[in-house]
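Novice: Quick one: the structure is below, questions incoming.
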Amino acid sequence: MRSGRMPIGRRERAKQDKHERIMTAARGLFAEQGVSGVTTQQIADRTDVAIGTLYRYESTNAELLIMVQNEKFAAAIDDGLAAADAAVGQGVPEGVVELIRPVVACVREQIENGRIYLHELVFGDPAEPYRFEEPLHRFQNMIIDRMVGIDRVPAGDDTMTPMFVPPQTTASAH
């Protein structure tokens with residue numbers, strides 16, 4: 001019985017293989033030298049493709065960095081969500097910290113790459129084909145969801161109050 005899916009052709013497999021080789025080369029070079037220390041020619045050489053072929057797949061180092069970091073960023077978000085879920089009951093700040101910790105660690109693995117990646121996500125061209133908006137929005141919404149818990153602090157729970165009282169309220173309370 002057929003599954004209804006056409007088997008992938010040789011040409012498409014070759015394109016996928018080339019794309020994966022480019023990603024592997026870029027990932028390695030960016031980790032070794034940082035994105036600003038790598039040229040597209042170095043990536044093409046390590047991949048064993050012509051520079052024109054490389055440009056057919058990815059046009060800039062920033063685009064390559066986005067593609068490489070997207071996988072790491074998504075995994076860090078998932079790790080943060082799992083850690084935040086495990087911290088339920090420890091308080092809102094702890095849940096937010098646990099959510100953010102793996103993402104910060106991911107960005108700090110290679111500071112320059114993390115800085116450029118985040119800059120591209122926030123300020124980059126919205127038409128960029130590999131721009132990773134969905135996980136970024138998911139991450140922002142997870143933080144907001146955790147922060148909304150501040151409003152749900154039970155009355156009389158003084159352990160949370162000092163952290164979230166606006167300065168003008170604190171001043172008027174004295």
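The values are calculated or read from the model by the stated rules, or taken from the named source; none is laboratory data. Because the structure is a prediction, the values reported are computed rather than measured. Cβ coordinates were reconstructed from backbone atoms using ideal geometry, including for glycine residues, and neighbour counts include every protein chain displayed.
Novice: Can you tell me which residue among Ala86, Ala75, Ala44 is at pLDDT 85 or above, more than 24 Å from Glu20 (Cβ to Cβ) and of a type outside the set (Phe, Trp, Tyr)?
Specialist: Numbers: Ala75 fails: more than 24 Å from Glu20 (Cβ to Cβ); Ala44 fails: more than 24 Å from Glu20 (Cβ to Cβ).
None of the others qualify; the one that does is Ala86.
Novice: Now for a different question. Quick check: anything in the stretch 80-97 of a type in the set (D, E, K, R) and closer than 27 Å to Gly34 by Cβ? Even if it seems obvious, please write down each step before you answer.
Specialist: Filtering the stretch 80-97 down to residues of a type in the set (D, E, K, R) leaves 85, 94.
Going one step further and asking which of them are closer than 27 Å to Gly34 by Cβ, we end up with none.
No, that holds for no residue.
Novice: Can I ask one more? Return the total of residues in the stretch 38-90 being without any contact (Cβ under 8 Å) to a residue 24 or more places away in the chain and basic (Lys, Arg).
Specialist: The total comes to 2.
Novice: Looking only at the stretch 32-84, count every residue that is in contact with an Asp or Glu (Cβ under 8 Å, 6 or more places away or on another chain) and exposed (fewer than 13 other Cβ atoms within 10 Å of the Cβ) and tell me the total.
Specialist: Adding up the residues that qualify gives 1.
Novice: Would you check if Ala105 is part of a helix (DSSP H, G or I) and more than 24 Å from Ile22 (Cβ to Cβ)? Break it down into steps so the answer makes sense when it comes.
Specialist: Values: part of a helix (DSSP H, G or I): yes; more than 24 Å from Ile22 (Cβ to Cβ): yes.
Yes: the conditions hold for Ala105.
Yes/no matrix, rows are residues, columns are (1) of a type outside the set (D, E, K, R); (2) at pLDDT 80 or above; (3) farther than 23 Å from Ala82 by Cβ; (4) within 11 Å of the chain's Cα centre (by Cα):
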| site | (1), (2), (3), (4) |
| --- | --- |
| Pro102 | yes, yes, no, yes |
| Arg115 | no, yes, yes, no |
| Pro126 | yes, no, yes, no |
| Arg146 | no, no, no, no |
| Pro154 | yes, no, yes, no |
| Pro166 | yes, no, yes, no |
